[in-house]
Amino acid sequence: MIEVRELKKSFGPNPILNGVNFTIQDGESVVIIGRSGGGKSVLLKHLVGLLQPDSGQVLIDGENIVGMNERELLRVRGRFGMLFQGAALFDSMTVAENIAFGLRRYGQLSSGEIEKRVSEVLRRVELPGTESKKPSELSGGMRKRVGLARSIVYNPEIVLYDEPTTGLDPVVSDSIDQLILRVRNEMKVTSVVVTHDMRSARRLGQRILMLHKQRIYATGTAEEIFSSTDPVIRNFVEGVSDPKEQK
Amino acid sequence: MIWGPMSKQTSGGIYGWVEGLGQVAILAREAFGSLCSRKLSWDDLMYQIYFIGWKSQSVVLVTGAFTGMVLAAQTYFQFHKVKMDTATLAVVSVSMCSELGPVLTALMVAGRVGAAIAAELGTMRVTEQIDALRTLATHPVDYLVVPRLLALHIALPLLTVEAIFVGILAGYGVGTRLLGIDGVYLYANMVKYTGGTDVLMGLIKALIFGGIIAMVGCYKGLNCGEGAEGVGRATTEAVVYSSITILICNFFLTLSLTRLMNSL
């Protein structure tokens, strides 16, 4: 279970998060929505200890990771997989080397077993036969798939997705959404997705949290959020910049 | 511990400089701690030695050779006035071993390797590859800093020996072929006046300069600003700061090592 309590974070004089609270149960699929630059990715990075807050707590199964040093955090991070916005593939390595990175450094598997696991996970993300390609040879959608393969190859308990469909066309976005759903259902992982793609949010979220003005403004099921009459939620869901322009 | 402060912008002026120095020291402590207590990837180390040592050879050879040649010519022009022509190579040798060899090699490697380290790590930082490493339960110091630090500690003394050897050889060539000095006397005086302490001093300096280039390059890369501008600035600063640090350290190393060796 992930619990976030009174999380506050500022960059210089600009507050980004100001007292964020929420809980995510094991196996749950939660989508965090909010405006660009609103602190969604910053919030996601706090969950895995990539950023340290100014105050507040992040509890992973009751263990507070705030204040842990980098070496203590490595142990906690072994339970997480993360797909970055730009995939963040290691560009000096091939696809297979990227995916096998975690397995080779800390796993107890032989080279043959690692190769087998890499092939399996590439089939799962529908990219068989791409083992020897370099990240520069891949399209945006393929890079995201390889990033996803790298984050799930060691069977994490929690997978974090930072804007998984940003910059992709609707067809590729749909295929990435399907992939995330399949990973969630087959591997029974806890999923936390940050996005401002409303179609993805509706499809992926068993529960949606809306980040607005540095706090969790609303929380509810996809149906509750999308049928809300609250003007702030409605404007965001419908993509309205200024309500007066609608009239 | 370093990841908190390093993600912040350091303040400017003298406070920023002191803060940066402190962060380099923390990074160095972390790297040496990792070096002593964790398993090293030999593949990564060998690749870094190849990149830093083998691929820097042409630059170092040209620098060493022409430094030895010009030093031999200048020394001859001055010594000829007082009929000390045959001491020319002794001056070249002592200078190359204790000062010019380690310093010029370090400056050339700082320009080539220090810049490359800062650019590579900086690009990894701005494209979130370092965050990706961290989520894959890998400490960036273990994976990125330690192999580079160790490779520079190994490669720079070897490159320095190469530069010294080539410099003396080139100086000998200039002395005998262009300036017409007797090669036997040149060689005899060189052996007579060059001590083992000169060579040792050069190697100790190279070892320390290797650490400076690695730490400044890695620190600037891991701590670079956003975007292409941030990477560019980090690269420039890595070269400038490591070069200045090498020159300043060289003065104090010369004083302290000379006294230490004289007292032994």
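Couple of notes before you dig in:
- Accessible area per residue, Å², chain A with all protein chains present, probe 1.4 Å: 45 Å²
- Within straight-line cross-link reach of B:LYS205, aspartates and glutamates at Cα separation under 14 Å, skipping those fewer than 8 residues along the same chain: B:GLU99
- Counting only protein heavy atoms and a 1.4 Å probe, region B:57-263 has 41 square angstrom of accessible area per residue.
- B:TYR219 contributes about 10 Å² of solvent-accessible surface, heavy atoms of the protein only, 1.4 Å probe.
- Dividing the convex hull volume of the alpha-carbon atoms in region A:1-100 by its residue count gives 138 Å³ per residue.
- Probe 1.4 Å - accessible area at A:LEU160, Å² to nearest ten: 0 Å²
- As a fraction of the 1.4 Å probe accessible area of the protein assembly as shown, surface on carbon and sulfur atoms comes out at 59 percent.
- Each of B:VAL141, B:PHE252, B:VAL113 was scored by the projection of its Cα onto the charge dipole of region B:57-263, and the greatest displacement toward the positive side belongs to B:PHE252; charges sit on the C-beta of Lys, Arg, Asp and Glu.
- Per-residue [θ]222 nm for chain B (sum of -39500 (n - 2.57) over DSSP H runs n ≥ 4, rounded to 500): -25500 deg cm²/dmol
- Accessible-area order (highest first, 1.4 angstrom probe) of the listed residues B:THR176, A:THR190: B:THR176, A:THR190
- Cα-derived Rg to Rh of chain A, Kirkwood definition: 0.98
- The modelled label-to-label distance for the pair A:GLU72/A:THR219, using points 7 Å beyond Cα in the direction of Cβ, is 2.5 nm.
- Each chain gives up part of its surface: A and B jointly bury about 2100 Å² of accessible area, both sides summed, for a 1.4 Å probe.
- Computed over every Cα-Cα pair of chain B and binned at 10 Å starting from 0, the pair-distance distribution P(r) comes out as 7, 27, 29, 19, 11, 5, 1 percent.
- Exposure check, 1.4 Å probe, all protein chains in place: B:CYS97 carries approximately 10 Å² of accessible surface.
- Mean separation of Cα contacts under 8 Å, 6 or more apart, over the residue count of chain B: relative contact order %: 31 percent
- Per-residue ³J(HN,Hα) for region B:201-207, Karplus 6.51 cos²θ - 1.76 cosθ + 1.60, θ = phi - 60°, Hz, x for Gly and Pro: 4, x, 5, 4, 4, 4, 4
- Debye-sum result for the protein assembly as shown in log10 I(q)/I(0), which assumes one identical scatterer on each alpha carbon, at q = 0.10 Å⁻¹: -0.84
- Amide hydrogen neighbours beyond the local backbone of A:ILE216, cut-off 5 Å, H modeled: A:ASN21
- Cross-link check: pairs A:LYS144/A:LYS188; B:LYS39/B:LYS220; A:LYS45/B:LYS39; A:LYS9/B:LYS220; A:LYS40/A:LYS133 evaluated at a Cα-Cα cut-off of 30 Å; pairs beyond the cut-off: A:LYS40/A:LYS133.
The values are calculated or read from the model by the stated rules, or taken from the named source; none is laboratory data. Values in this document were obtained by computation on a predicted structure and should not be read as measured data. Don't worry about glycine lacking a Cβ; one is built from the backbone with ideal geometry, like all the others, and counts go over all protein chains shown. Accessible surface areas use protein heavy atoms only, side chains included; no ligands, DNA or RNA. Shrake-Rupley method; radii C 1.70, N 1.55, O 1.52, S 1.80 Å.
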